[in-house]
Amino acid sequence: MENKPVEIVILSGKGGTGKTSFTASFASIAKNAVFADCDVDAADLHLVLSPDIYKEELFPSGDKAEIIQENCSLCGLCQQLCRFQAINYTNNHFNIDEYSCEGCGLCVTACPEQAIQILRNNNNKVIHARSRFGPLIYGNMAIAEENSGKLVSKIREYAREKARETNARYIIIDGPPGIGCPAISSVTGADIVLAVTEPTLSGWHDLQRLIKMVKRFQNQLVVILNKYDLNEQMASNIENELNLLHIPLIGKIPFTENVIFALLEGKSIIEYAPEDPVSIQIISIWNDLKNTINEAKYI
C-alpha cells in the first residue's frame, strides 16, 4: 500500500516571526520531501531555495466588468448602482477601474444597452520549480487580485501530485501569516501544524488567534518560540500559557545574526553556519518533529 506523505504546515500569527527561515532550514535537512510556499501574497521561500523554474501556469484571479464602448449610451445607470464606486466618467466615456471592480455583475444586469460584460481574469500564477533540496511549488498573486484561498488549494494539490510522483515522505508547506483564507486553505487536511511565534505581546495575541483557528480543524499543533532571549519574561509567560493549553513547545530559539547573514547569501542557517548552536537546535527540532509524527501514527 502506498504511504501517504506527511503534510507539515509552518504558520505564524503575524509576519516576520521567522517562518520562512525555519522552512528553508527544514528543507536543507529533510530527505525525500516536496516543498510548497502557500504565502501566495508574498511568496519568498524561492529566494532562499533558488529553484530552476520549469513550468508556469495561469490561475483564475476573479471576474472583472468591462464596458463595450460602442454599445454604451452614456446613461450612467451603472455608475449610480455600483456600490464599489468602480465606474468613472472620464474623456466622455464611462470606464471601469479594474482595481475597484469586484465582478459582482450588477452593472451587467442593469445596463439597458447590454454594453457591459464580465471577463475572467487569469493574472495569478502557479509556479513549478526544482530546488537544490527537491521540488518546489509556489504561487504568485497579482496586485489587487483575489482567489488566494483557491490558489493555495491548487498549490497543495500539485504538491501532493509531485509527492506521489517522487514517492516523497514529506510535504513541507511554508504557510501564510495570519488566520485568513490562505491560512485556512493551508491547514485543511494537513497532518501537523508548526506555529512560529516571538516573545512579544502582539506575538502572543496573534498566536492565540492562530491556535483557535487550528483547533477548529483538529490539526495537531506544536509551537516554536523564536528569538526568545529578546524578552525572556514574555517568553516564560508564553511557555506557561502553552503548558496550560497542553500545546507542546518543541523549541526555544535564541536570536542570532547568522540567520540574517545566511539569508543575504540565499542560504538556510544550517547551510551557512552548521556549527552555530541555532543550527544544531533546529536539527534537533526536526528530529523531534519527525518523532512526534511517528508517535501519532501519521505514517
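General observations
- Selection from the range 125-148 of residues that are crowded, with 18+ Cβ neighbours inside 10 Å and at pLDDT below 90: ASN140, MET141, GLU145, GLU146, ASN147, SER148
- Contact map, the range 94-105: first residue over 23 Å from GLU70 (Cβ atoms), second residue crowded, with 17+ Cβ neighbours inside 10 Å, Cβ cut-off under 6 Å, separation 6 or more or different chains; pairs are SER100/ALA86.
- Residue in the range 236-246 that is loosely packed, with under 14 Cβ neighbours inside 10 Å, farther than 20 Å from CYS38 by Cα, touching a Phe, Trp or Tyr at 6+ places or on another chain (Cβ under 7 Å) and in the same structural domain as GLY175 (by TED's automatic domain parsing) present: no
- Any chance LEU201 is assigned by TED's automatic domain parsing to the domain that holds PHE35, at pLDDT below 95, touching a strand residue (DSSP E or B) at 6+ places or on another chain (Cβ under 8 Å) and over 22 Å from SER25 (Cβ atoms): no
- Residues that are touching a Cys at 6+ places or on another chain (Cβ under 6 Å) and among the hydrophobic types (A, V, I, L, M, F, W, C) within the range 128-187 comprise VAL152, ILE155, ILE173, listed in sequence order.
- Criterion applied to ILE179, ILE143 was being out of contact with any strand residue (DSSP E or B) (no Cβ under 7 Å at 6 or more places or on another chain) and farther than 19 Å from ASP44 by Cβ, and the one residue passing it is ILE179.
- Screening the range 1-87 for strands (runs of 3 or more DSSP E) wholly inside it with 3 or more residues that are modelled with pLDDT of 90 or more and surrounded by 22 or more Cβ atoms within 10 Å (Cβ to Cβ) returns the ranges 6-12, 33-37.
- Meets criteria (touching a His at 6+ places or on another chain (Cβ under 7 Å), outside the structural domain of LEU81 (by TED's automatic domain parsing) and either outside any helix (DSSP H, G or I) or free of Cβ contacts under 8 Å to residues at least 60 places away in the same chain (or both)) for ILE137: yes
The values are calculated or read from the model by the stated rules, or taken from the named source; none is laboratory data. Model, not experiment: these values are computed from the prediction. Ideal geometry is used to build each Cβ from the backbone, glycine not excepted, and the neighbour counts take in all protein chains shown.
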